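The values are calculated or read from the model by the stated rules, or taken from the named source; none is laboratory data. A quick note: this is a predicted structure, and the numbers were derived from the prediction, not measured. FYI the Cβ positions are ideal-geometry reconstructions off the backbone, even for glycines, and counts take in every protein chain you see. Accessible surface areas use protein heavy atoms only, side chains included; no ligands, DNA or RNA. Shrake-Rupley method; radii C 1.70, N 1.55, O 1.52, S 1.80 Å.
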Amino acid sequence: MCSDYEQRVRYDEYCRAMHNLVLGIPVHQTERDIPLADDVKVGDRAPVVRTVGDNVVELAQMRFGFPPARLRGPIFNFRSQGRHFADHRRCLIPATAFFELTGKKYRMAKLRFTLVDAPFMAIAGIWRPGRGNQPSAFTMLTTDPGPDVKPFHNRQVVVLRPSDWKAWIELSKTEEELLRPLPAGSLNVETVGKNPDD
């Protein structure tokens with residue numbers, strides 16, 4: 001599953017998108033709050049968009065992946081089907097692309113998925129505040145693969161169209177309406193590399 005994504009969203013693009021959605025941005029927020037990164041991996045800190053008041057959202061730096069449960073590793077993907085998220089802290093994970101690996105163990109290809117008709121996407125996520133010496137953290141929600149991802153993987157992250165970003169933050173639509181794959185032709189896919197261990 002997706003444990004790696006690209007965050008190269010420009011601050012002016014982000015501000016324009018939030019303005020179009022009639023969402024306010026704190027005056028103290030700057031381009032430093034959305035640093036560019038070619039590869040955000042599990043354990044890295046990255047910006048997420050969360051609500052901070054009535055119709056106001058902010059960029060907050062959090063760690064990618066919830067702390068491990070028992071002896072397993074961090075929880076970076078969270079299955080969305082059959083779940084309700086009204087009592088969860090919902091967030092948007094701004095990204096220009098997400099990556100998947102496909103193929104056999106020693107011949108894996110790295111695939112890069114981008115939205116066809118938008119400069120960046122938002123992945124549906126949830127976040128938890130830090131406890132003790134642990135920082136706040138986020139995880140990506142997953143769903144069944146859409147037609148653009150299904151040839152390569154049996155699950156995918158939930159990519160939200162800009163028109164659904166506010167609805168996810170406010171949960172003004174049902175989970176069934178929001179947390180589903182996009183229709184065919186919504187995502188571009190390109191091979192960007194081979195297994196780094198080759």
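Fully extended, how many nm does the chain gain between residue 8 and residue 36 (0.36 nm per residue separation, minus their Cα-Cα distance)? All intermediate terms of the calculation are to be shown ahead of the outcome.
On the way: separation 28, 0.36 × 28 = 10.08 nm, distance 0.46 nm.
Stretched out fully, the residue 8 to residue 36 stretch lengthens by 9.6 nm.
Heavy atoms only, probe 1.4 angstrom, no DNA, RNA or ligands counted: give me 108, 140 ranked by accessible area, highest first.
On the way: 108 50, 140 0 Å².
These residues rank, largest area first, as 108, 140.
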Contour excess over end-to-end distance, with Cα ends at residue 81 and residue 104 and 0.36 nm allotted per residue: 5.5 nm
State, as an integer percentage, the relative contact order of the chain based on alpha-carbon contacts under 8 Å between residues 6 or more apart. 22
Size of electric dipole in the chain: Cβ of Lys, Arg +1 and of Asp, Glu -1, about Cα centre, debye, nearest 20: 740
Nearest 10 degrees is fine. How inclined is helix 11-20 to the longest principal axis of the chain, computing both from alpha carbons? 60
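Within the set of other residues whose C-beta is less than 14 Å from the C-beta of residue 59, count the net charge using Lys and Arg as +1 and Asp and Glu as -1.
The answer is -1.
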In segment 1-113, taking the dipole from +1 charges on Lys and Arg beta carbons and -1 charges on Asp and Glu beta carbons about the Cα centre, the listed residue (11, 77, 56) farthest towards the positive end is 77
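Evaluate the charge dipole of segment 58-132 about its Cα centre and quote only its size in Debye, nearest 20, assuming +1 on the Cβ of each Lys and Arg and -1 on the Cβ of each Asp and Glu. Intermediate values should be presented prior to the final figure.
Working: 14 positive and 4 negative charges, 115 e Å.
Approximately 560 debye in magnitude.
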For the chain, the longest stretch holding no trypsin sites (Lys or Arg not before Pro) located in a DSSP loop with at most 16 other Cβ atoms within 10 Å is which? 11-69
Take every DSSP beta bridge with both residues inside segment 11-109 and express the antiparallel ones as a percent of the total, to the nearest 5. 90
Would you indicate which of [x] 26.1, 83; [y] 16.2, 50; [z] 18.5, 61 is the value of Rg and Dmax of the Cα atoms in Å derived from the coordinates of this structure? [y]
Where the accessible area of the chain is counted over protein heavy atoms with a 1.4 Å probe, how much of it, in %, is carbon and sulfur? 50
Over the chain, how many pairs of lysines fall under 25 Å by alpha carbon, counting only those 8 or more apart in sequence or from different chains? 12
